[in-house]
1. If we restrict to alpha carbons, what Rg and Dmax does the stretch A:190-255 come to, in Å?
2. What helices does chain A have that are whole DSSP H segments, at least 27 Å long along their own axis by Cα, and with mean Kyte-Doolittle hydropathy of -1.0 or more?
3. Please give the charge dipole size of the stretch A:159-256, origin at the Cα centre, charges +1 on K and R Cβ atoms and -1 on D and E Cβ atoms. Round to the nearest 20 debye.
4. Among B:GLY140, B:GLY382, B:VAL18, whose Cα lies farthest out toward the positive end of the dipole of chain B, if unit charges sit on the beta carbon of Lys, Arg (+1) and Asp, Glu (-1)?
5. Please go through the stretch B:99-195 and write out the GluC sites (Glu not before Pro) that DSSP classes as loop and that have at most 16 other C-beta atoms within 10 Å.
6. Could you work out how far helix B:240-250 tilts from the main Cα principal axis of chain B, as a 0 to 90 degree angle to the nearest 10?
7. Could you work out how far apart the two model spin labels at B:VAL383 and A:ILE192 are, taking each label as a point 7 Å from the Cα in the direction of the beta carbon, and quote it in nm?
8. Summing +1 for each Lys or Arg and -1 for each Asp or Glu, what net charge is found among the other residues whose Cβ lies under 15 Å from the Cβ of A:VAL16?
Amino acid sequence: MRNQEVISYKMDWITVALYATIVFLGWLNIYAVTYDQTTDLSIFNLQINSGRQLLFIAGAIIIIMGILIMDMRFYETFAYVIYGFIMFLLLLVPVIGKEVGGNKAWLGIGSFGVQPSEFAKFATALAVAKFMGSVGFKMDQLRNQVILFITIGIPMVLILLQKDTGTALVFTVFTLVFFREGMSPLLIIMGIIAAVIFILTLLVNEFYLYGAIATLLMSAIILGKKKWKRIAYLCAGAMLICTVIASVDYVVTDVLKPHQQNRVKALINPDADPLGFGWNVTQSKIAIGSGGFTGKGFLKGTQTKFDFVPEQSTDFIFCTIGEEHGWLGSLFTMTLFIGLMLRVIFLAERQKNRFARVYGYSVACIFFFHFAINIGMTIGLFPVIGIPLPFFSYGGSGLWGFTILLFILLKLDIHRSQVLQRM
Amino acid sequence: MNEGRKEIIQIVIVLVGVIFLVKLFFIQVIDSRYKQLADSNAIRAEVDYPVRGLIKDRNGKLIVFNTPEFDLNIIHREVRNFDSTRFCEVFSKTPEELRILFKELKARREYSGVKPTIFLTKLSTLDFAKIQDNIDEFPGFYIQARSTRAYTVKAGANAIGYVSEISKAMLDRDKTGIYKQGDYIGQSGIEAYYEEFLRGQRGVRFKLRNVDGVEKGSFKNGAIDTLSIPGQDITTTLDLDLQQYGEYLMNGKSGSIIAIEPATGEILAMVSGPSYDPNLLTGKNYSSNFVLISNDTNKPLFNRPLMAQYRPGSIFKIAQAMVALQERVITPDTRVRCIRKGMAGGIIGCHGDHTNEDLRGAITHSCNPYFYAVLRRMLNKGVSNNPFDDTRIGLEEWNKHMRSFGLGKPLGIDLPNEKGGMVPSPAYYDRAYGGRPWKFSNIYSIAIGEGENLVVPLQMANFAAIIANKGYYIVPHLVKGIGETGKPLPKYSEKHYTTIDSSYFRIAADAMQQVVESGTGSYRGKLQDVIVCGKTGSVQNEPRPDHSVFIAYAPKENPKIAVSVYVEYSGQGARAAASIASLMIEKYLFGETKRPQIQEYVLRGKFLN
């Protein structure tokens, strides 16, 4: 009894409310996707996704209870064990997993299947948080950085083996957490520069880029101080960029698989083949764009309902918002998500120890990555990378994975004053 | 050391949200393109073709009706997993034919991969059952039902006309925007003239469909759907029995029969010989049959009653007489000595047994010198001392009178392509003589209906009706009731008066009675129980035989029917034409004919090459 009182008193109800609203709206939209005016099935019908999603939500509530009942020290103490266990499951997937929709990402027990990759996110977050929260951890030590990158690298590689590029990419967002904890921003900046050059190379003839770089280099040398060391650095940088440019063509044609190449091409010019590789993005944009300012109304969408948009209840669920609820609906949904993320950062910042804070940032950053990539993809700002919109997309593993991620933080937050300060 | 970094992360999150909202604002609110794309994705407009109006005869007997017909439409973009072997099997096509069909499909101007385009037309009802069972195997193909024309009788083909797919040229000319490729339109006859009443109004149903083209209910619950409005039924003025009898008589001949109810201008029968079977120009074999019919050297599509222009011949003498009486250059008692070959330097000759006739006698005997003299008095009245000017003034008057008979211009019948004939005017001769002067002696052959005069058979039937009406006519027409109103077009109830006093027509009537009772038309034109007024004519066609021409009306008092008959290359008017005219009158007035020898005579005559 005492414990429950503490929970209800100290629980951050704002986060819970945001979570509940998003889950509820997601459920309604999953129904809107499956709704068919000719059959008129109930939202609770287990034959359609909305009925099943309700079961997953019920499962999520049980999981939340479990997380809250568990001793708060469990998560830090067993962080590496949990991490190890999930990595083991990921290893098992290629061996005994079953294939669903081209991706071998499922572990099945009978007809029930889960995606370990969805749970790898919170496990990795726990492991990273525990390592960074350990006594005497210093971010600027190279050894520590290497260990951290290995920690996030293992699940990435294991998930890449399942051909689930999208989920693997999620782990790159931990660099943002490292940045928060003192890592030099150079790595992120270089990553962004590489991505920009990559895109530019696809858009513009590479010889123009070489010309532009040469011009920039010359002007930098002439205008700045004429020190040999500086000039050498500039030249090295320019050489590096040129190497990236030269490698892009190789990467696009030889490293990326054909469907991935097409996704990149579709991003650059979706109209080039609107019925071929541009289909997903074209249809997604049509669905969202046709919503107008206020939308067509709940269950009134035609594009999402009639299967014009692929993967509508999972990766492209945002199309339903855009089509049926218009720009206002999009604004409302995005406000909820941004509110949740900012609230999570707020929670992270008020933690008394580093473990909890790093974990909190991991949660926020994982949500952010999913949010940005998923919506960016539906409106044609990012290539089609198949990752779900947290709490919104249809699917049990995803919902449960994100729920665990969030509620471990809430559990830690409840007990934040009980922990020793180890800053 | 890490201060400010949490703000950076928060700013990045909010910034991404703002960028997304701006982008969303562009595609959702500013760019309207996506809305149209969404509609073309999910909403398909289905045309609801109206039923074309029926065509009935004056007694309510059905002439033209509709039977169902099915087209196969294709939406090329939606065609998936197309099994050409199976398609050929179901639709009874060879692979080669299928290949050509696809080639032609893409060559069409209005072809679009996303809109329904006609792929196959006129699937017969036999094919249809098989096709309907298997259509689901061919996504992207849809069956479109429409109705096609069918005919109860093989009669009146040129008057009724036919319906066929709109041609490219017509589509380009069409300014109403109603038609699109593949639509059907009345091409000739009543079908063309009354197209706007017959066609009805197309309806559109908007249907939702999913990505596979499967129907998912109606758009907005059918709030913006429109129902098709059936075309209006048309009641023609034709008497189907009389029309069929006329065609029976005209069998094997080239020419025309027109029968008019004088008091109303209603056309009771309009026969154009040779004609064609209207059923040939409907259904599956339209194209090949059309080529066959239009290449026929006897020109069955040429509607002779309105389009064939002949010199009027002797019939014109009645008009001359009326005009001369009105101009007071003669009286009914004026006599002219018939000196046979002597007139006008021996050019105008004569025939028959007469020497010094008054007006009635001259008409009865069709005396050429008499009317030569009459025209001379009319054109040279001595109002000017200059013979050229005198003729010009006279001809101007004469032309005005003639035009009041509905000659020299299209009458305005409710059919397309009517010709107007020719009544020479001073302006015409000025052109013909290239500015050189002309006078009576140059133009006298118009006196006896030869020379530059031209008439179409319809004008001659109308002329008979004018005499029957004693001086007026209602423009002959083929439709007496449109749709619910049951009224003809307003212009078909206006009386057009000639410039001739009503009393002079008694003289014409008396003379025409004489023609039938004792004159040129006496043997074959005469009927036992009714007084027929008629006039023979022969249109010369050296070296071939004359066209036989006869106009008549009956009964003399309170006339019920006026007829003109032209039979090409069949000799004098008293023969084939007079026989046919009297048989038509007999049939119409008594419902049957009791003169088998005359009917035999007509049927025996074959004057087609």
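Just so you know, all these numbers are worked out from the coordinates, no wet-lab data involved. Everything numeric in this text was worked out from a predicted model, so none of it was measured. Glycine also receives a Cβ, built like all others from the backbone with ideal geometry; neighbour counts cover every protein chain displayed.
1. 13.1, 42
2. What comes out of the filter, once short or polar helices are dropped, is A:13-34, A:49-69, A:142-161, A:228-250, A:318-349, A:354-378.
3. On the way: 7 positive and 5 negative charges, 140 e Å.
It works out to roughly 680 debye.
4. Result: B:GLY382.
5. Passing sites in the stretch B:99-195 are B:GLU110.
6. Taking the Cα atoms of chain B, the angle to B:240-250 is about 60 degrees.
7. 10.3 nm
8. Values: positive: A:LYS10, A:ARG343, A:LYS411; negative: A:ASP12, A:ASP413.
Residues close to A:VAL16 contribute a combined charge of +1.
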